[in-house]
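Notes to accompany the following structure.
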């Protein structure tokens, strides 16, 4: 889709989403998704002024008011706010303000951005006369009777000036009330609200005020619209509180934009502990007279901006799907995205997991997709925003041949992944070599992706075992590979032959056999050759090893590749047998039965081998014969069981001191 088509598609989509959000209180996407799409449209419209349209969502404020309530005209109209997504955008806002201020002093008031529904309150001679929603900014809905049910909102002001006194605020639902409401609705089989904002909006716009009264709504006021003329935003907030209107106690006066940025950083970690939801902070020019001089665009004041915290979800266009081939031949789809800001970074790629997910969510190239990022993990596509354009695109056809070698890609019964069955596939070999050199496998210093690519380009490695036939003079000839690098890699390849049996098994790359499964198998059978010789029934009977792993192990060693690789490693001097698994006859742990649990600072197999070298017998489960448990970080049920049985527990540090004795 070209950019002009994208502009038209975004306008139609955003208008529909705005209707869901403002009129129906039933959004189909997160606020961050809407914000990301709106920013994308703003950027595209700026690049294509010939596509200017006064009805574009970028020109609109809010949504159309409901016909179920009487209309209220707002004079002056209620504006929205421009968003800043990072410190650089805040500094750009500050530069614009200072440029217009002509060297006059500039300071800011920063307030939490409450995730609720905007209202305008109108008091006449101190008595609540009218309350209205924002609506489309020019016309809102009269919800006076419902606002009278909000306990925190005074029906009569204290010491209010005569005549009209008007304020703007936000009605919201506290987290506890939101959770209780959704729990109640779920128990009654009713649909739950997506978030506190929509719960508050739906509660305030009830036709029966008694329903509103039961929902536990609260309100904060933050803008004085009529009835007084304070000089600063700080004075306006104090006045609102003085007459009895609820005002948020959290606010900061900042002399510089750097102070503002510091507040955003501190508040980011504080906001989750608040009793209400907030998705950012509002930064306002404190000098209200200067703010009035700065004026506004068609949509937003020039004197204020909303700082939005990095979204964990965003919406963007799916430009394509790239299928990669892993070390086990698994074909893994990756989404190629139109760049979008997510969790503070620019994201262009996201996981699609497998072909089933693409089919279940009906993901099609050209769709607007929702992307999520939690913590530091790779972003993933979690859904599609469906529209007429989506339905007009062809469904995605997952490849049935390997995109690298052209070999057949087969999906076995019970497996989620389709796999390339060509054992000579160059993509599989590359990923396999990188895996072999990894810390949890053979931990070969210097064998990273760059070195693997050099070895493959030079034609020095056609199979994994070829790594260990390389000579120092072969390595020294590699491009951009110095004498020291060659010596370090040669030493790493030599040391790999002495790794514990469980790490060697993991390095072989048997599908479904991770670090823990490799440890369990070696503990049961004692050596890699013994595992290769075991039948499927024997393997599946190992605690923690199910039929899927058992079938995978048998397939691997029964096939030509696994059998050949195991024979080659034995010829190359790898320690595959019982000698690496044997207990020392004496030592500080002689006679002890040791179990490791939790996350250790070294691979568990390495710690287990060290315990055996100290004379211990190592087992995987805590039983009455266990005598010592070594507990790492986040130790769970095994540690609890050890405590209940009165078994001696060592920290990893204490075990290390013992091992060094």
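The values are calculated or read from the model by the stated rules, or taken from the named source; none is laboratory data. For clarity, every value in this text was computed on a predicted model and none was experimentally measured. Backbone-built Cβ (ideal geometry, glycine too); neighbour counts: all protein chains shown.
Scan the range 148-173 for residues that are part of a loop (DSSP other than H, G, I, E, B), under 18 Å from residue 206 (Cβ atoms) and touching a strand residue (DSSP E or B) at 6+ places or on another chain (Cβ under 9 Å) and the total you get is 6.
Quick one: would you say residue 406 is within 24 Å of residue 44 (Cβ to Cβ), without any contact (Cβ under 8 Å) to a residue 40 or more places away in the chain, more than 21 Å from the chain's Cα centre (by Cα) and exposed (fewer than 15 other Cβ atoms within 10 Å of the Cβ)?
On the way: within 24 Å of residue 44 (Cβ to Cβ): no; without any contact (Cβ under 8 Å) to a residue 40 or more places away in the chain: yes; more than 21 Å from the chain's Cα centre (by Cα): yes; exposed (fewer than 15 other Cβ atoms within 10 Å of the Cβ): yes.
Spelling it out, it is not the case that residue 406 is within 24 Å of residue 44 (Cβ to Cβ), without any contact (Cβ under 8 Å) to a residue 40 or more places away in the chain, more than 21 Å from the chain's Cα centre (by Cα) and exposed (fewer than 15 other Cβ atoms within 10 Å of the Cβ).
A search for C-beta distances below 6 Å between a residue of the range 134-155 that is in contact (Cβ under 8 Å) with a residue 60 or more places away in the chain and any residue that is surrounded by fewer than 18 Cβ atoms within 10 Å (Cβ to Cβ) and part of a strand (DSSP E or B), counting only pairs 6+ apart in sequence or on different chains, returns 139/71; 139/73. For the criterion of being surrounded by 18 or more Cβ atoms within 10 Å (Cβ to Cβ), part of a strand (DSSP E or B) and either assigned by TED's automatic domain parsing to the domain that holds residue 369 or out of contact with any helix residue (DSSP H, G or I) (no Cβ under 7 Å at 6 or more places or on another chain) (or both), residue 347 passes.
Go through the range 54-84 and count every residue that is modelled with pLDDT of 75 or more and out of contact with any helix residue (DSSP H, G or I) (no Cβ under 7 Å at 6 or more places or on another chain). Give the derivation first.
Taking the range 54-84 and keeping what is modelled with pLDDT of 75 or more, we get 56, 69-84.
Pick out the ones that are also out of contact with any helix residue (DSSP H, G or I) (no Cβ under 7 Å at 6 or more places or on another chain) and you get 69-82.
The total comes to 14.
Of all residues in the range 178-192, those satisfying the criterion of being in contact with a helix residue (DSSP H, G or I) (Cβ under 8 Å, 6 or more places away or on another chain) and either crowded, with 22+ Cβ neighbours inside 10 Å or closer than 24 Å to residue 148 by Cβ (or both) are 178, 181. Exactly one residue among 605, 631 is surrounded by 18 or more Cβ atoms within 10 Å (Cβ to Cβ), closer than 23 Å to residue 439 by Cα, at pLDDT 85 or above and in contact with a helix residue (DSSP H, G or I) (Cβ under 6 Å, 6 or more places away or on another chain), and that residue is 631. Screening the range 318-340 for residues that are under 20 Å from residue 9 (Cβ atoms) and buried (at least 18 other Cβ atoms within 10 Å of the Cβ) and picking the one that is modelled with the lowest pLDDT gives 340.
On the basis of being surrounded by 13 or more Cβ atoms within 10 Å (Cβ to Cβ) and under 22 Å from residue 637 (Cα atoms), does residue 519 make the cut?
Considered against the rule, which asks whether it is surrounded by 13 or more Cβ atoms within 10 Å (Cβ to Cβ) and under 22 Å from residue 637 (Cα atoms), residue 519 comes out as yes.
One residue stands out in the range 267-293 among those that are modelled with pLDDT of 90 or more and part of a helix (DSSP H, G or I): the one that is nearest to residue 372 (Cα to Cα), namely 267. For the range 614-628, filtering for residues that are surrounded by 14 or more Cβ atoms within 10 Å (Cβ to Cβ) and either within 17 Å of residue 603 (Cα to Cα) or in contact with a helix residue (DSSP H, G or I) (Cβ under 8 Å, 6 or more places away or on another chain) (or both) leaves 6.
Residue by residue, here is whether (1) closer than 30 Å to residue 549 by Cα; (2) without any contact (Cβ under 8 Å) to a residue 12 or more places away in the chain holds:
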{"position": "324", "(1), (2)": "yes, no"}
{"position": "352", "(1), (2)": "yes, no"}
{"position": "371", "(1), (2)": "no, no"}
{"position": "378", "(1), (2)": "yes, no"}
{"position": "397", "(1), (2)": "yes, yes"}
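Scanning the range 581-596 turns up no residue that is in a helix (DSSP H, G or I), at pLDDT 85 or above, within 30 Å of residue 640 (Cα to Cα) and more than 36 Å from the chain's Cα centre (by Cα).
I need a count of the residues in the range 122-139 that are part of a strand (DSSP E or B) and within 21 Å of residue 276 (Cα to Cα).
Step one: filter the range 122-139 for residues part of a strand (DSSP E or B), giving 122-124, 127-133, 139.
Adding the requirement that they be within 21 Å of residue 276 (Cα to Cα) leaves 133.
Residues meeting the conditions: 1.
Scanning the range 19-28 for residues that are surrounded by 18 or more Cβ atoms within 10 Å (Cβ to Cβ) and touching a helix residue (DSSP H, G or I) at 6+ places or on another chain (Cβ under 6 Å), we see that the one that is modelled with the highest pLDDT is 27.
Scanning the range 416-439 for residues that are surrounded by fewer than 18 Cβ atoms within 10 Å (Cβ to Cβ) and more than 22 Å from residue 507 (Cβ to Cβ) gives a single hit, 416.
The set of residues from the range 482-540 being over 20 Å from residue 439 (Cβ atoms), touching a residue at least 40 places away in the same chain (Cβ under 8 Å) and outside any helix (DSSP H, G or I) comprises 511, 512, 526, 527. Does any residue in the range 257-275 that is over 30 Å from residue 105 (Cα atoms) come within less than 7 Å, Cβ to Cβ, of a residue that is surrounded by 15 or more Cβ atoms within 10 Å (Cβ to Cβ) and modelled with pLDDT of 90 or more six or more places away or on a different chain, and which pairs are these? Close Cβ pairs (under 7 Å, with a partner that is surrounded by 15 or more Cβ atoms within 10 Å (Cβ to Cβ) and modelled with pLDDT of 90 or more) amount to 275/174.
Given the structure, is residue 247 touching a strand residue (DSSP E or B) at 6+ places or on another chain (Cβ under 9 Å), assigned to a helix (DSSP H, G or I), modelled with pLDDT of 90 or more and over 21 Å from residue 38 (Cα atoms)? Spelling it out, it is not the case that residue 247 is touching a strand residue (DSSP E or B) at 6+ places or on another chain (Cβ under 9 Å), assigned to a helix (DSSP H, G or I), modelled with pLDDT of 90 or more and over 21 Å from residue 38 (Cα atoms). The residue of the range 193-217 that is surrounded by the most Cβ atoms within 10 Å (Cβ to Cβ), among those that are within 18 Å of residue 274 (Cα to Cα) and in contact with a strand residue (DSSP E or B) (Cβ under 6 Å, 6 or more places away or on another chain), is 200. Scanning the range 294-317 for residues that are touching a strand residue (DSSP E or B) at 6+ places or on another chain (Cβ under 8 Å), surrounded by fewer than 18 Cβ atoms within 10 Å (Cβ to Cβ) and part of a loop (DSSP other than H, G, I, E, B) yields 295, 302, 310, 312.
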